[in-house]
1. How long are the semi-axes of the ellipsoid equivalent to the range 17-76, from square roots of 5 times the Cα gyration tensor eigenvalues, in whole Å, largest first?
2. At 0.36 nm per residue, and after removing the present C-alpha to C-alpha distance, how many nm does the segment from residue 38 to residue 16 gain when stretched out fully?
3. Place a point 7 Å from the Cα of residue 28 along the Cα-to-Cβ direction; which residues of the range 53-72 have their backbone N under 11 Å from it?
4. Out of 15, 37, 64, any idea which swings most in a Gaussian network model of the chain, alpha carbons joined below 10 Å?
Amino acid sequence: MSNEPANPQPTWRKPAGMLLILLLIAVWAVIIASLSPWVGTWHVLLQGIFYLVTGVIWIMPLKPLLRWMELGTWRD
C-alpha cells in the first residue's frame, strides 16, 4: 500500500487560493485602516475590542477557500 496522495498532480487552485488569501488580507487591512480616523476617537477599550474582533473576522472566509483549494468544492 502506497502513502502517496490520491492526486499527486498539482492543481491551479492552490496557487490561485494563496493569491486570494493574500488579496483578502490586503483588502481587509486597507478597509480596517481606513476606519482608523473614526475608531481613533473611541475609548481605548472600545478600540481594543474593535481591533480584536476585526482581527479575527477575516479568518472566517478561509475555511471554504481552503476547502476549495484542496477539494475543488466550496461546500461539504
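No lab work stands behind these numbers, since they all come straight from the coordinates. Given the structure is predicted, the values throughout are model-derived calculations rather than measurements. With ideal geometry, Cβ positions are generated from the backbone for all residues, glycine too; neighbour counts draw on all protein chains shown.
1. 30, 12, 6
2. That works out to 4.5 nm of additional length.
3. 53-63
4. 37
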